[in-house]
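The values are calculated or read from the model by the stated rules, or taken from the named source; none is laboratory data. Because the structure is predicted, anything quoted here is derived from the model rather than measured. In this analysis, Cβ positions are derived from the backbone assuming ideal geometry, glycine residues included, and neighbour counts consider all displayed protein chains.
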Ligand SMILES: Cc1cc2nc3c(=O)[nH]c(=O)nc-3n(C[C@H](O)[C@H](O)[C@H](O)COP(=O)(O)OP(=O)(O)OC[C@H]3O[C@@H](n4cnc5c(N)ncnc54)[C@H](O)[C@@H]3O)c2cc1C
C-alpha cells in the first residue's frame, strides 16, 4: 500500500470510492477489511466521527429534513415537463441519504429483483439478492430464513399496541375495507396493513455511516476518509482509469489509482461519468468533453416514486406521546389493480407527527405513493465545469398509469380520512400548498420552536382560527373529495418526487445499448471503473430505496473481493494489470 501525500496529491490507492453515502460506506468497510487493499473514501460533504454526530442527524425523528448543511443546496429539478426547476434535496454528508432520510426500511418486492434479472442483470434475482438482505440486518422482531440477526443495520418496528391513536384509527378503517394485517412487510409480501420497518433504535438513527464506519473500521490503517472532497472528474487514459481530480475545501488535488468506484448517488454519479467522458458521445462533444466511452444510457432512466400528501390537524387525544420519536408507526401496501401494473404497487404511509416542533406533534398526515412507477426522467449536463449542478428532469407522472394511480390513491386517502373511525380524531385535513412556509418552520431554531408552540396553542384553543389556518395552508380535504376535476388537478400538481432517485446508470448486458454497468457493476468499455449506488437499479424497487442500496453495495463488494477481475470492464481488451492478491483475503 502506498498513501504518501505530496502537495496537491492525496497519494496512490488501490481503490478510490467517490461518495460516502449509503453505498459508499458499505464498500469502504467491506473492501478495507482486507488489510492489503488501500482504500480512499472521498465525500463532498462533512464527516462526523462516531459519537460526534449532531443531534439533527442522529434523532430517530428525521430532524435532518431541510437542514441546508447536509444537502446539495444548488441542486434543482424540473418536476413535470414545462415547469420551472425547483430545489431538490440530495444528501451531502457522511452516510449520504441514509443520514438524512426518513428511516423507513423496506426491501422492495421479490418480483422487483426477478424483473432486474429478466432485464439482463444476471445474478440479481430475488434468490441472488436475499443473502445480502440477510447480511445487512439485525432484525429485532423477526428471525428465520428471511431475516438476519447480526448485521450492522438494526431494523425494528412499533408493534400494534404502540400505534398512536390516529395511526391506529386509520388501520381500523382499512381493516373495515378488507385489508388484512401483515406482520412482517420484509418477509410477507402480500398487500396489507403493517408496522413500518425502520432502520433505527427508539432514540437514534442507524445510518450507513454509523453502521459501517464505526471507530473500529475507521482505525484501519489502510482506510482513509477525506471529507469536503468533491470529485470533478475520473481520469481515464486509453479506456482505463488512472486517477481522480478533486477539490478539498476548494483546493485542487489529484489521486492516482487504477480502480474507481463511483457511489455518488443517482443524480451525481451520471453527472460525474459524463464530466469524465463517459456518456452519450454527441452530447459530450457538444460540451467540449473528450469522449472516453460512448454510453448513451448514462443519465437516462431517472426513476422516482411520486407522492401526494394530505395533512391532518389532530385532536389533542390523537397525538402521540413525546417518547415515541418516529413520526410513522404503520403503513399500507396495496394494489391499484390498474391494467399493466403489478400487484403491491401502491403505498400509504400514516403519520402521527410531521415535524419536530409543537405544531408538528399536532399534525398528522397520509402520504400516498406509486411504488412501482413507470415515468422516466433524465440527468444531463449543461456545462463541463466540475462544480456545475447537473440538469435534472423527472417527467413525474408522464406515464398515464402513474397519473391515474396517484389520483386514485389520493381519493382513497381522502376516503380513509373521512371514515368516521378516523375523522373522530381530526379537526380538519387538507392537501398542503404552502410548502415554503412549512419548510421554513421546520428549521430547528429556538425562534421556530417558540413560533410553533404559540401557533399550536392558538390553533388548539380557537376553532375559527383553526379553520382559517387550514384553509390558508392547503386545499380542504372535504372540498377535494366532492370535486373530481379538482381532485384530478391537485393529484397531478401537488405530486412531488421523493428522495428515492434511481436508474441513471443501469445494470445490463454489453449488447444492451442503454446499459451502463454489467452484472459486476463494471462500466461497459472502461477498465477499472465501477458504479455502485441507486443509479444501477434497472427499474425502481417497490419500496423505499435505502435498504436495497445497502444490499446492492454488499453484493457488489462481495463480487469485487471474490474476483481479481472485478474492476476490469467486460467489453474492452484487458490492458490494466490486476494484482490477484488484492481481492482475495
Ligand atoms: C430526504 C430523503 C428522505 C428519504 N427517506 C428514505 C426513507 O425513509 N427510507 C429509505 O429507504 N430511503 C429513503 N431515502 C432514499 C435513500 O436515502 C437513498 O436511496 C439512498 O441513500 C441512496 O444511496 P446512494 O448510495 O445511491 O446515494 P447517497 O446516499 O445519496 O450517497 C451519495 C454520496 O455521494 C456524495 N457525492 C456526490 N457527488 C460527489 C462528488 N462529486 N464527490 C464526492 N462526493 C460526492 C454525496 O455527497 C453523498 O454523500 C430518502 C432520501 C432523501 C434525500
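In this structure, is residue 349 within 25 Å of the chain's Cα centre (by Cα), more than 16 Å from the ligand (Cβ to nearest atom), buried (at least 20 other Cβ atoms within 10 Å of the Cβ) and outside any loop (DSSP other than H, G, I, E, B)? Answer is no for this residue.
Of everything in the stretch 366-377 that is surrounded by fewer than 24 Cβ atoms within 10 Å (Cβ to Cβ) and in contact (Cβ under 8 Å) with a residue 40 or more places away in the chain, the residue that is nearest to residue 408 (Cα to Cα) is 367.
Looking across the stretch 70-91, just one residue is assigned to a loop (DSSP other than H, G, I, E, B), within 13 Å of the ligand (Cβ to nearest atom) and free of Cβ contacts under 8 Å to residues at least 60 places away in the same chain, and that is 73.
The set of residues in the stretch 256-273 that are away from the ligand (no atom under 12 Å from the Cβ) and buried (at least 20 other Cβ atoms within 10 Å of the Cβ) comprises 257, 258, 259. Of all the numbered requirements in (1) modelled with pLDDT under 95; (2) away from the ligand (no atom under 16 Å from the Cβ), residue 67 misses one, and that requirement is (2). Of all the listed residues (494, 522, 506), the sole one being modelled with pLDDT of 95 or more and within 16 Å of the ligand (Cβ to nearest atom) is 506.
With the structure loaded, tell me whether residue 342 is within 25 Å of residue 193 (Cβ to Cβ) and surrounded by fewer than 21 Cβ atoms within 10 Å (Cβ to Cβ) or whether it fails that test. So residue 342 passes the test.
When the stretch 92-128 is limited to residues that are in contact with a strand residue (DSSP E or B) (Cβ under 6 Å, 6 or more places away or on another chain) and outside any loop (DSSP other than H, G, I, E, B), the one that is farthest from the ligand (Cβ to nearest atom) turns out to be 99. Does residue 29 satisfy being more than 9 Å from the ligand (Cβ to nearest atom), assigned to a helix (DSSP H, G or I) and either surrounded by fewer than 22 Cβ atoms within 10 Å (Cβ to Cβ) or modelled with pLDDT of 95 or more (or both)? Yes: the conditions hold for residue 29. If you check residue 338 against the conditions, is it touching a helix residue (DSSP H, G or I) at 6+ places or on another chain (Cβ under 9 Å) and either modelled with pLDDT of 95 or more or more than 14 Å from the ligand (Cβ to nearest atom) (or both)? Spelling it out, residue 338 is indeed touching a helix residue (DSSP H, G or I) at 6+ places or on another chain (Cβ under 9 Å) and either modelled with pLDDT of 95 or more or more than 14 Å from the ligand (Cβ to nearest atom) (or both).
Among the residues of this structure, residue 192 does not count as one that is over 24 Å from the mean Cα position of the chain (by Cα) and either at pLDDT below 95 or surrounded by 17 or more Cβ atoms within 10 Å (Cβ to Cβ) (or both). For the stretch 525-539, filtering for residues that are within 18 Å of residue 373 (Cα to Cα) and either more than 10 Å from the ligand (Cβ to nearest atom) or free of Cβ contacts under 8 Å to residues at least 60 places away in the same chain (or both) leaves 3.
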